[in-house]
Amino acid sequence: MEKIDIKSMTLPELQADFAARGYEKFRAKQIYQWLHVKNVNSFNEMTNISANLKQELSNIFYITSLNIVKRLVSKLDNTVKYLYELPDGSHVESVLMQYKHGNSVCISTQVGCKMGCSFCASTIAGFVRNLTPSEILEQVYAAGRDSGERVSNVVLMGIGEPLDNYDNVLRFLRLLSDEQGFCLSLRHVSLSTCGIVDKIYDLAEKKLQLTLSISLHAPNDEIRSKTMPVNRRWNIDELLDACRYYEQKTGRRISFEYALIAGVNDSLKDAQELAGRLKGTLCHVNLIPVNAVAETSYRASNRQKVFAFQKYLNDHGITATVRRTLGADINAACGQLRREELQQEK
């Protein structure tokens, strides 16, 4: 009999399962809190259940855990980058970042990515599979166990496209925010998407109060279609219509990620066009000097151009900031460690 992924089960599901098996009613909540409050990775760590029940549960269920293959710590700002091995031998990454307001972890939602954005390291190594809810969740728990501190903010911006793994990501969010479990408000969660428009509409209907972060990276369809294949399916106008619908439904400000690539999308003309497109939208633009990737010729814009671009947006009513670079000495951009690991295996 195939074992059940217990960490991906909601509390009502676990309660129904335990009731059907004839277990005492309180056991489901007891086990659930061991998993999601105390974050244990073994039934043997659950000290208030009998040896017989531990054995029974281990025969029926498995508890997802991730093995830390590499752990790089920045000497500049204590950012920690993890390369995890999943139970099937695949690899994903996450990054733990320290801020004054608390610890943020940037997590992966897929093994690889099929979106094909030309400036991104995650897509180069190819797509393998979706992560399960427990594999996404365990990246948060593992960072907390390793650091000894609670994670207070979660960013779904690592390897993979979250809305391409929509059902598993929604279940992850439900588990993460459950008052009986980890209990993290979704106002402290940011979900980044390259622009899967139909799922943005679906997400808007859920009214989850998380921050929707759009990887825009271009002011027009010509540039965006060259760098981001998703734009050939849903163009910028369609994407922005979906964003405004999300804003209307949730009351939440949209965050637009804009990676500045030297000579591609960083001119003042590009800034002017971007400002015109975003006018009237409740939004914030996060400017990011693009990360250098060995397989591409893309390079980051120089500081002068970055701040000129920011100033133009701010002067024309669009709030824009430049992302602070963390973990620069450990290549903290997601996808690079996984790619290196695959190259070594080959």
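The values are calculated or read from the model by the stated rules, or taken from the named source; none is laboratory data. Computed from a prediction, not measured in an experiment: that's the story for all the values here. We place every Cβ from the backbone using ideal geometry, glycine too, and count neighbours over all the protein chains shown.
For residue 306, the criteria (1) at pLDDT 95 or above; (2) surrounded by 14 or more Cβ atoms within 10 Å (Cβ to Cβ); (3) assigned to a helix (DSSP H, G or I) hold in every case but one, which is (1). Would a scan of the stretch 20-38 turn up a residue that is surrounded by 14 or more Cβ atoms within 10 Å (Cβ to Cβ), in a loop (DSSP other than H, G, I, E, B) and among the aromatic types (Phe, Trp, Tyr)? Yes, there is a match, as at least one residue in the stretch 20-38 is surrounded by 14 or more Cβ atoms within 10 Å (Cβ to Cβ), in a loop (DSSP other than H, G, I, E, B) and among the aromatic types (Phe, Trp, Tyr). Taken over the stretch 130-179, the residue count meeting the criterion of being in contact (Cβ under 8 Å) with a residue 40 or more places away in the chain, at positive phi and more than 14 Å from the chain's Cα centre (by Cα) is 0. For the stretch 64-82, which residues satisfy the criterion of being surrounded by 20 or more Cβ atoms within 10 Å (Cβ to Cβ) and either aliphatic (A, V, I, L, M) or more than 13 Å from residue 135 (Cα to Cα) (or both)? Across the stretch 64-82, the qualifying residues are 66, 79, 80, 81, 82. Report the residue count in the stretch 39-70 for those that are touching a strand residue (DSSP E or B) at 6+ places or on another chain (Cβ under 9 Å) and assigned to a loop (DSSP other than H, G, I, E, B). Residues in the stretch 39-70 being touching a strand residue (DSSP E or B) at 6+ places or on another chain (Cβ under 9 Å) and assigned to a loop (DSSP other than H, G, I, E, B): 3 in total. Of all residues in the stretch 250-271, at least one satisfies being under 22 Å from the mean Cα position of the chain (by Cα) and in a helix (DSSP H, G or I). The condition of being more than 21 Å from residue 286 (Cα to Cα) and of a type in the set (Ser, Thr, Tyr) does not hold for residue 192. In the stretch 29-53, the qualifying residues are those that are touching a Ser or Thr at 6+ places or on another chain (Cβ under 9 Å) and not hydrophobic (A, V, I, L, M, F, W, C), and the one that is nearest to residue 7 (Cα to Cα) is 32. Checking each residue in the stretch 309-346 for being of a type in the set (A, V, I, L, M, F, W, C), modelled with pLDDT of 85 or more and in a helix (DSSP H, G or I) picks out 309, 313. Within the stretch 187-210, the set of residues being more than 19 Å from residue 235 (Cβ to Cβ) and in contact with a Leu (Cβ under 8 Å, 6 or more places away or on another chain) comprises 187, 189, 190, 191, 192, 203, 206, 208, 209, 210.
Could you list, in sequence order, all residues of the stretch 28-65 that are hydroxyl-bearing (Ser, Thr, Tyr) and free of Cβ contacts under 8 Å to residues at least 40 places away in the same chain? Quick ask: steps written out before the conclusion?
Filtering the stretch 28-65 down to residues hydroxyl-bearing (Ser, Thr, Tyr) leaves 32, 42, 47, 50, 58, 62, 64-65.
42, 47, 50, 58, listed by residue number.
Per-residue answers, yes or no, for (1) within 16 Å of residue 32 (Cα to Cα); (2) in a helix (DSSP H, G or I); (3) of a type in the set (A, V, I, L, M, F, W, C):
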position	(1), (2), (3)
137	yes, yes, yes
168	no, yes, no
184	yes, no, yes
187	no, yes, no
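Scan the stretch 172-185 and give yes if some residue there is in contact with a helix residue (DSSP H, G or I) (Cβ under 8 Å, 6 or more places away or on another chain), charged (D, E, K, R), surrounded by fewer than 18 Cβ atoms within 10 Å (Cβ to Cβ) and outside the structural domain of residue 14 (by TED's automatic domain parsing), otherwise no. Looking through the stretch 172-185, at least one residue is in contact with a helix residue (DSSP H, G or I) (Cβ under 8 Å, 6 or more places away or on another chain), charged (D, E, K, R), surrounded by fewer than 18 Cβ atoms within 10 Å (Cβ to Cβ) and outside the structural domain of residue 14 (by TED's automatic domain parsing).
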